[in-house]
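Asker: Right, I'll just put the structure down here and ask away after.
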Amino acid sequence: MGKETTIVVDEETRVEFLKCLVEGRPFSKRYPVLGGLYFITFRELTLAEASMVSALVNKNKISQPDAMFLASIAKIEFSDKLGDDKEDLVYDSIANFTDMPEILLERLATLSEIVFPTINQFLAAQEVFRGQFLPLLHELYRSAKEDPDFFSKMKLT
């Protein structure tokens, strides 16, 4: 059996999540990848984006995990450790595009060329998405649903 990971939500993350709920915007969080060689900010998908991802997957253009991962990337920042001054990559919501399949495939091509030259680097970034970001989202929504004090514990400043 797989090992259970306990997700601990700190106060700063909880407050940011609540602000996103109140303001009606997707939650996002920044993570280091490969020892901080770069940082990826993942953004929660909207209902429209999730629907677009499903349509793309149904057309067999890309796998569900890859599509969700690519659509959720909001920003990639490069560390000075890489030795060159690469510009950050910032991605708009896929809902802003009419030709979403090609946008995600173009995003994959760009990331393959600039950020993830090997499959293992791509998988390392996907592991952060699947192993940290998605479980955090699930825990935040679970807590909001099941903990009657979830919102009253917030210190919005």
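Any read-out appearing in this document is the output of simple, stated calculations on the displayed coordinates, not a laboratory observation. All values derive from a computational prediction rather than experimental measurement. Using ideal geometry, Cβ is built from the backbone for each residue, glycine included, and neighbour counts are taken over all protein chains shown.
Asker: On the first, second and third principal axes, largest extent first, how far apart are the outermost C-alpha atoms of segment 29-145 in Å?
Answerer: Computed over segment 29-145, the largest-to-smallest principal extents equal 39, 36, 24 Å.
Asker: Just to confirm the number: angle between the C-alpha axis of helix 47-58 and the first principal axis of the chain, 0 to 90 degrees, nearest 10?
Answerer: Roughly 40 degrees between the two axes.
Asker: Moving on to the next point. Working out 0.36 nm times the residue gap between S93 and A124, then minus their Cα-Cα distance, what length gain in nm do you get to one decimal?
Answerer: Answer, rounded to one decimal: 8.9 nm.
Asker: Against the longest principal axis of the chain, how steep is helix 119-128, in degrees 0 to 90 to the nearest 10, with axes from Cα atoms?
Answerer: 10 degrees
Asker: Here is a further query. If you place +1 on the Cβ of every Lys and Arg and -1 on the Cβ of every Asp and Glu, how big does the dipole about the Cα centre of the chain come out, in debye to the nearest 20?
Answerer: Dipole size: approximately 400 debye.
Asker: Would you calculate a helix-derived [θ] at 222 nm for the chain, using -39,500 (n - 2.57) for each DSSP H run of n ≥ 4 and dividing by the full residue count, to the nearest 500?
Answerer: The helix contribution divided over the chain gives -14000 deg cm²/dmol.
Asker: What angle do you read, to the nearest 10 degrees and between 0 and 90, between the alpha-carbon axis of helix 11-23 and the longest principal axis of the chain?
Answerer: The two axes meet at around 80 degrees.
Asker: Additional query: Looking at the chain as a GNM with Cα springs under 10 Å, which of A71, A95, A48 has the largest mean-square fluctuation?
Answerer: Maximum fluctuation in the GNM of the chain, among the listed residues, is at A48.
Asker: Step through the residues of segment 106-116 one at a time and calculate ³J(HN,Hα) from phi using the Karplus curve (6.51 cos²θ - 1.76 cosθ + 1.60, θ = phi - 60°), rounding each to whole Hz and writing x for Gly and Pro.
Answerer: 5, 4, 4, 4, 4, 5, 5, 7, 9, 10, 10
Asker: Let me ask you something else. Classify segment 100-140 from the C-alpha gyration tensor, please: rounded if a/c falls under 1.5, else prolate or oblate depending on whether a/b exceeds b/c.
Answerer: Oblate, since a/c reaches 1.5 and b/c is not below a/b.
Asker: Here's a follow-up. Counting DSSP beta bridges in the chain, what percent are antiparallel, to the nearest 5?
Answerer: Bridges in the chain are about 100 percent antiparallel.
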